[in-house]
Amino acid sequence: MCRARAGRCIFGGQALGWDMAFPQHIIARKRDGHALTREEIGAFVRGAADGSWADYQLSAMLMAIVWRGMTPQETAHYTEAMMHSGAVADLASITQPKADKHSTGGVGDKISLHLAPMIAACGVVVPMISGRGLGHTGGTLDKLESIPGFNVNLSLAAYRAQLENIGLALIGQTADLAPADKKLYALRDVTATVESIPLICGSILSKKLAEGIDVLVLDVKFGRGAFMKDQAKARELARALVSVATAMGKPTRAVLTAMDEPLGRTVGNALEVRESIECLRGEGPADVMDVTYALGEQMLLLAKMAATKEEARAKLEASIVSGAALEKFRAMIVAQGGDARVVEDGWRLPRARLLFEIRATRAGFVTDVDALGVALAALRLGAGRAKAADAVDHAVGVSGLVKVGERVAAGSVLGMIHANDEGALSEAKGMLANSVSVGDTQTEAPQLIEEIVGEGAG
């Protein structure tokens with residue numbers, strides 16, 4: 001029998017460290033509402049990384065955390081242990097400030113694609129390790145892989161070299177980066193333990209802090225098309241993320257943004273790449289650029305590359321006007337093996353075989369565009385994944401979406417469906433049509449930037 005005494009496991013009269021204790025003793029302590037020590041949390045995370053804890057033990061621990069929660073100190077210990085479960089990028093040789101941005105995900109959220117080169121063009125190095133989408137559309141990696149030849153699977157050495165050469169890299173998680181998170185993320189998805197703020201913090205921040213960054217800006221979304229439906233819960237998550245990252249020595253701010261309406265006019269991987277290129281040409285949708293500038297301003301401020309939001313905004317706008325941001329994007333494509341001709345010719349990106357226009361049945365004003373409805377239509381077309389193993393069709397999705405507040409005539413296009421399957425197209429027609437509402441009264445465009453969380457935010 002093992003008895004707990006002063007942070008040690010007493011087994012057979014011998015004191016053992018928690019890394020040598022039975023998993024069930026640590027699980028029981030969390031189940032019973034105790035705050036776990038750094039050593040206990042470390043044992044749990046190591047068990048996930050090296051396979052010494054069985055899946056059922058890891059799952060039990062995850063559920064205990066969901067039920068009992070974690071203190072801020074526990075969450076920091078958990079994040080630190082997750083971060084150090086594998087390699088941590090050493091970017092000490094790069095003297096410029098290093099900043100990254102992370103989004104909790106939303107419908108039409110392609111911000112990283114053009115924001116990263118804009119920030120790099122302002123003199124800040126952007127080490128960005130991104131993920132794949134599980135849901136209505138692909139993640140940043142899926143979008144990038146719609147560019148022919150683009151390689152997201154760089155080694156940490158190649159990643160470091162590219163950052164030194166062009167100041168920008170968007171890659172996938174390497175096998176040796178936060179391996180515990182890969183295991184626990186998969187288990188959370190199938191054990192109904194996703195909605196836990198400490199677990200979310202550990203998952204997001206362990207990967208981001210392992211990149212070698214100096215500062216971090218988070219886009220925490222709420223609304224129908226977001227993971228967090230409620231603004232109060234999104235604020236709670238934002239504050240937790242900022243608190244943990246700051247405690248670990250990384251100045252961090254979070255921007256709360258609304259996600260009731262799709263962001264931009266496109267949803268789907270290649271379609272969103274095309275829209276991001278338009279943004280870099282100064283032709284992007286106003287709502288996309290509003291969020292882009294809000295996040296970019298905070299990145300430049302935290303990196304101390306601007307003293308005021310106004311100065312930061314001016315630098316970001318200049319990166320577009322001068323073409324410097326677009327050239328950074330082109331350089332990144334070339335460095336990662338992609339076809340840079342997509343910058344001039346977006347039709348080199350994958351194109352769907354079938355096109356169908358959803359048209360207004362009456363004149364009036366667009367009163368609602370349901371982000372979740374559009375997302376489900378895109379998922380049915382094959383733009384996202386219902387399961388992690390599902391393939392993504394990079395070509396499909398929706399383009400030309402109308403925005404809330406716009407006037408439409410009877411018969412005008414509300415959105416265009418891009419499909420490669422007749423059955424999927426047939427279902428998506430009704431789903432998209434039901435997602436757009438037209439009425440007699442003009443509705444104001446929704447406010448997207450709700451709040452900035454973090455020390456010195458304003």
At most 16 other Cβ within 10 Å, DSSP loop - trypsin sites (Lys or Arg not before Pro), region 380-446:
387, 403
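Gain in length, residue 318 to residue 52, computed as 0.36 nm per residue apart minus the alpha-carbon separation, to one decimal in nm?
Details: separation 266, 0.36 × 266 = 95.76 nm, distance 5.28 nm.
This chain segment gains 90.5 nm when fully extended.
Counting Lys +1, Arg +1, Asp -1, Glu -1, what net charge surrounds residue 311 among other residues with beta carbon under 14 Å of its beta carbon? Before the final figure, lay out the partial values.
Values: positive: 304, 309, 313, 315; negative: 297, 310, 317.
Around residue 311, the surrounding residues sum to +1.
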Can you tell me the dipole magnitude for region 352-439 around its Cα centre, using point charges on the Cβ only (Lys, Arg +1; Asp, Glu -1), in Debye to the nearest 20?
140 debye
Of 210, 365, 316, which is farthest on the positive side of the dipole of the chain, counting Cα position, with +1 on Lys and Arg Cβ, -1 on Asp and Glu Cβ, and the Cα centre as origin?
210
Approximate spin-label separation residue 195-residue 412, in nm, with each point projected 7 Å along Cα-to-Cβ
3.9 nm
Positive dipole terminus of the chain, leading residue within 273, 81, 35 (C-beta point charges)
35
What nm distance separates the two modelled labels at residue 28 and residue 341, each placed 7 Å from Cα along Cα→Cβ?
6.7 nm
In region 298-322, which residues have a backbone nitrogen under 20 Å from the label point lying 7 Å from residue 248's Cα in the Cα-to-Cβ direction?
299, 302-303
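Which order do 402, 334, 267, 242 fall in if you start with the one that has the fewest other Cβ atoms within 10 Å?
Numbers: 402 21, 334 14, 267 34, 242 25.
Lowest to highest Cβ neighbour count: 334, 402, 242, 267.
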Spacing of the two label points (7 Å from each Cα toward its C-beta) at residue 233 and residue 386, in nm
2.3 nm
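Given +1 on the Cβ of Lys and Arg, -1 on the Cβ of Asp and Glu, and no further charges, what dipole in debye does the chain carry about its Cα centre, rounded to the nearest 20? Mind showing how you got there, number by number?
On the way: 49 positive and 53 negative charges, 180 e Å.
Charge dipole, the chain, about its Cα centre: 860 debye, nearest 20.
Under unit Cβ charges (Lys, Arg +1; Asp, Glu -1), what dipole magnitude, rounded to 20 debye, does region 99-346 have relative to its Cα centre? Present the calculation step by step, with values, prior to reporting the outcome.
Values: 28 positive and 30 negative charges, 121 e Å.
Rounded to the nearest 20 debye, it is 580 debye.
Expressed as cubic angstrom per residue, what is the convex hull volume of the alpha carbon set of region 99-346?
Numbers: hull volume 28.5 nm³, N = 248.
Convex hull volume per residue, Cα atoms: 115 Å³.
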Looking at the chain, what % of its DSSP beta bridges pair antiparallel, to the nearest 5?
60 percent
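We did not get these values from a lab; they are worked out from the coordinates using the rules stated. All values reported here derive from a predicted model rather than from experimental measurement. We place every Cβ from the backbone using ideal geometry, glycine too, and count neighbours over all the protein chains shown.
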